[in-house]
Amino acid sequence: QVQLVESGGGLVQPGGSLRLSCAGSGLTFSWYAMSWYRQGPGKERELVAGITTTGGTNYLDSVKGRFSISRDNAKQTVYLQMTSLKPEDTAVYYCMARWGADDYWGQGTQVTVSS
């Protein structure tokens, strides 16, 4: 059974930083492209960042230069380093693993940016 478990969310002041982690189990992690999505209050879910099996990355325009995605296949974990956080980054953040037609989602972790 595939499981993805996010952690690292919380309340942070504007300009602060957080690092999200997503630990996978029950899958051959290195085979999967990994992504972080978010869904803010009253908004649709959007792709924030993705990383391929070979380490290629892509980012939502509004987070470029502030967020960084990385992966550690030995630990079966994908990370999202978030800096210079803004109130508009407030959302539930989800990780997603995709291999071909198969995709799996975590349960999400809340990030709230507020003073």
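Starting from the alpha-carbon convex hull of the chain, give the projected area averaged over all orientations, in nm².
In nm², the orientation-averaged hull projection of the chain is 6.8.
Work out the FRET efficiency for residue 25 and residue 52 from their Cβ-Cβ distance, taking R0 = 25 Å, and round it to the nearest 0.05.
0.75
Give the relative contact order (percent, whole number) for the chain; include only Cα pairs under 8 Å separated by 6+ residues. Could the numbers behind the result be given before it?
On the way: 278 pairs, mean separation 42.0, N = 115.
RCO, the chain: 37 percent.
Full-extension gain between residue 11 and residue 61, please, as 0.36 nm times their residue separation minus the C-alpha to C-alpha distance.
Going from the current span to full extension adds 15.7 nm.
Using Cα springs under 10 Å in a Gaussian network model of the chain, which residue among 13, 76, 39 shows the largest mean-square fluctuation?
13
Using only the Cα atoms of the range 1-50, what semi-axes does the equivalent ellipsoid have when each is the square root of 5 times a gyration tensor eigenvalue? Give whole Å, largest first.
Over the Cα atoms of the range 1-50, the ellipsoid semi-axes are 24, 14, 10 Å.
Exposed loop trypsin sites (Lys or Arg not before Pro) only (DSSP loop, at most 11 other Cβ atoms within 10 Å): please give the longest stretch of the chain free of them, not including the sites.
Within the chain, the longest run free of exposed trypsin sites (Lys or Arg not before Pro) spans 65-115.
If the cut-off is a Cα-Cα distance under 26 Å, which lysines reach residue 43, setting aside same-chain residues fewer than 8 apart in sequence?
Cross-link targets: 64, 86.
For the chain, give me the percentage of DSSP beta bridges that are antiparallel, rounded to the nearest 5 percent.
Approximately 95 percent, going by the DSSP bridge assignments.
With r as the distance between the Cβ atoms of residue 44 and residue 110 and R0 = 25 Å, compute the FRET efficiency 1/(1 + (r/R0)^6) and round to 0.05.
Once rounded, the FRET efficiency stands at 0.90.
So, with +1 on the Cβ of K and R and -1 on the Cβ of D and E, and no other charges, what is the size of the charge dipole of the chain about its Cα centre, to the nearest 20 debye?
Numbers: 10 positive and 9 negative charges, 43 e Å.
Dipole size: approximately 200 debye.
Distance in nm between label sites at residue 73 and residue 99, each 7 Å beyond Cα in the beta-carbon direction?
1.1
Laboratory data are not the source of any read-out in this text; all were calculated from the coordinates shown. Just so we're clear, the structure is a prediction, and the values are computed from it rather than from any experiment. Neighbour counts run over all protein chains shown; Cβ positions are idealised from the backbone, glycine included.
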